[in-house]
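Some notes on the structure that comes next.
The values are calculated or read from the model by the stated rules, or taken from the named source; none is laboratory data. All values derive from a computational prediction rather than experimental measurement. Cβ sites come from the backbone with ideal geometry, for glycine too, and all protein chains shown count toward neighbours. Calculation scope for accessible area: heavy atoms of the full protein, side chains included, ligands and nucleic acids excluded. Shrake-Rupley method; radii C 1.70, N 1.55, O 1.52, S 1.80 Å.
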Amino acid sequence: MRWLEVHIDTNHAGLDTVQALLSGLGVDGVMIEDEEEFQDFLENNRDYWDYVDEDLERRMAGRSRITFYLEAREAGFAKLGEVRVALEGLKQEGQDLGTLLMTLENVEDADWENNWKQYYKPMEIGERLLVIPQWEEADPGDRVPLYLDPGLTFGTGAHPTTQLCLELLEEALRPGDRVLDLGCGSGILAIAALALGAERAVGVDIDPKAVDVAYENAAMNGIGRDRYTVQAGNILTDRGLTERLAGRQYALVLANIVADVIIPLSAQVERFLAPDGVFLCSGIIDTRAEEVSAALAQNGLKVFARREQNGWVALAARR
């Protein structure tokens, strides 16, 4: 029998959180490697050895990793898909849990990619959109098709925060609008806006890898760089980036991020919005929705629509 050896890299603070997430998915019997615990163990057991293997010390340096095993067959690959989606949700909560990077051993990368993809199917979202994974075939019928290949790094559109934002986007968008997508990831929100009739869109993400992924997804949908541009940067700390974006006002500003980013971002949104523009924000845990609403109000933005799904909230606000 073949087994998949699965590693999730986190930090010391994230070990309990990730272990609880895995347990909730039925994944128990994990192994934990942690430099902090390793160093504590060494410090408290000095009397029992004369030296420590240097290779072991190097291997443990900076490591906080959880490892578990799954059978290399359909059920195992299905469970990998569940873990991947759950990790995406955990990332969006905004806690400092390290990279949350999931890697595999004892299986070829091609096997992993070819197997996890089968668990993502076309999704109807809102009244008009059909999100279709690039590797699937589907007849969109009367819906607007949105083709997507997120790779192993960015979201597939399956997470409630993305779905909620797409629903609000569909309602708020008007033909010819200009759109700014902050934290664009795979580009799904801006590309959806363009497919639904927006004139132009700009995407920004703190992760440079998002630039290529978003451009590739746009091209897959017949959208060129004459209508869609993407750049890497931090909107909260890069003044040059902020000034460039503020030079043109947008009918829709989108932010599917987390509450801890949306709250400070709310102080800058007015600089990007057209006079009758709308700010759509998602990625908000329901327990922090009122806190986000208060921050929006404090910065002159009034919430006029709210959507909820599975403990997540999306808000639409305008001046």
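See the values below:
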read-out	value
Residues located in segment 281-316, provided they are modelled with pLDDT under 95 and among the β-branched types (Val, Ile, Thr)	284, 285, 287, 313
Filtered residues of segment 13-32 (kept if surrounded by 14 or more Cβ atoms within 10 Å (Cβ to Cβ) and either at pLDDT below 85 or assigned to a helix (DSSP H, G or I) (or both))	14, 15, 17, 18, 19, 21, 22
Selection status of residue 219, at pLDDT 90 or above, open to solvent by 40 Å² or more (accessible area, probe 1.4 Å) and of a type outside the set (Phe, Trp, Tyr)	yes
From 86, 75, residue being modelled with pLDDT of 85 or more and small (Gly, Ala, Ser)	86
Of all residues making up segment 123-146, the number that are surrounded by fewer than 18 Cβ atoms within 10 Å (Cβ to Cβ), within 22 Å of residue 184 (Cα to Cα) and modelled with pLDDT under 85	2
Criterion violated by residue 149 - all others in (1) in contact with a Pro (Cβ under 8 Å, 6 or more places away or on another chain); (2) at pLDDT 85 or above satisfied	(2)
Test: residue 278 is in a strand (DSSP E or B) and under 19 Å from residue 201 (Cα atoms)	yes
Test: residue 270 is more than 21 Å from residue 95 (Cα to Cα) and either open to solvent by 10 Å² or more (accessible area, probe 1.4 Å) or assigned to a helix (DSSP H, G or I) (or both)	yes
Given (1) crowded, with 20+ Cβ neighbours inside 10 Å; (2) touching a residue at least 60 places away in the same chain (Cβ under 8 Å); (3) touching a Gly at 6+ places or on another chain (Cβ under 8 Å), index of the condition residue 192 fails	(3)
Sole exception among (1) open to solvent by less than 10 Å² (accessible area, probe 1.4 Å); (2) modelled with pLDDT of 95 or more; (3) touching a Phe, Trp or Tyr at 6+ places or on another chain (Cβ under 8 Å); (4) outside any strand (DSSP E or B) for residue 225, by number	(1)
Residues of segment 222-259 classified as free of Cβ contacts under 8 Å to residues at least 60 places away in the same chain, in contact with a strand residue (DSSP E or B) (Cβ under 7 Å, 6 or more places away or on another chain) and closer than 23 Å to residue 293 by Cα, total	1
Which numbered condition residue 159 fails, given (1) at pLDDT 80 or above; (2) open to solvent by less than 50 Å² (accessible area, probe 1.4 Å)	(1)
